[in-house]
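The values are calculated or read from the model by the stated rules, or taken from the named source; none is laboratory data. These figures come from a predicted structure and were not determined experimentally. Note: ideal-geometry Cβ built from the backbone for every residue, glycine included; neighbour counts use all protein chains shown.
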Amino acid sequence: MRRDVFQAIADPTRRAILSLLAVSAMTPNALATQFESSRQAISKHLQILTECELLRQEHAGREIYYYLNYHKMKEIDKWMEQFRKLWETRFSQLDTVLDNLKKQKK
């Protein structure tokens, strides 16, 4: 089953997992110690992120290490770029309106 990437990253725990893995690869047990959730809950989050191709797994002996898939994150960033430009324009326009309001009050 293919999951929706944006639905996956909407969850705060999954975003926190992505942030941790952006720094360093980790095992599910190491990740679980960072949260108050159960090991099973973290495993489910990892499964969802892996199905969305946001994470990749590598086996090292008996351990599984999870890594952030930077290529997939770049795809998301590229898609969001169009909105980033729109937001920046809107914020700039808002700054202009607020500056004009301040000047009128003086």
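Could we say that Leu94 is aliphatic (A, V, I, L, M), more than 26 Å from Thr27 (Cβ to Cβ), within 21 Å of the chain's Cα centre (by Cα) and assigned to a helix (DSSP H, G or I) here? No, not satisfied. When Gln34 is tested against (1) surrounded by fewer than 18 Cβ atoms within 10 Å (Cβ to Cβ); (2) within 18 Å of Tyr70 (Cα to Cα), just one condition goes unmet, and that condition is (2). In this structure, His45 does not qualify as surrounded by fewer than 16 Cβ atoms within 10 Å (Cβ to Cβ) and assigned to a helix (DSSP H, G or I).
Kindly provide the set of residues from the range 63-74 that are of a type outside the set (A, V, I, L, M) and in contact (Cβ under 8 Å) with a residue 24 or more places away in the chain, ordered by number.
At the first step, the residues of the range 63-74 found to be of a type outside the set (A, V, I, L, M) are 63, 65-67, 69-72, 74.
The answer is Glu63, Tyr65, Tyr66, Tyr67, Lys72.
If you go through the range 6-31, how many residues are in contact with a Cys (Cβ under 7 Å, 6 or more places away or on another chain) and within 17 Å of Tyr65 (Cα to Cα)? Residues in the range 6-31 being in contact with a Cys (Cβ under 7 Å, 6 or more places away or on another chain) and within 17 Å of Tyr65 (Cα to Cα): 0 in total.
One line per residue, one yes/no per condition, for (1) free of Cβ contacts under 8 Å to residues at least 40 places away in the same chain; (2) in the same structural domain as Phe6 (by TED's automatic domain parsing); (3) of a type in the set (Asp, Glu):
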residue: Gly61; (1), (2), (3): yes, yes, no
residue: Ile76; (1), (2), (3): no, no, no
residue: Trp79; (1), (2), (3): yes, no, no
residue: Gln82; (1), (2), (3): yes, no, no
residue: Asp95; (1), (2), (3): yes, no, yes
residue: Asp99; (1), (2), (3): yes, no, yes
residue: Lys102; (1), (2), (3): yes, no, no
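Restricting attention to the range 49-77, the residues that are buried (at least 18 other Cβ atoms within 10 Å of the Cβ) and not polar (S, T, N, Q) total 6.
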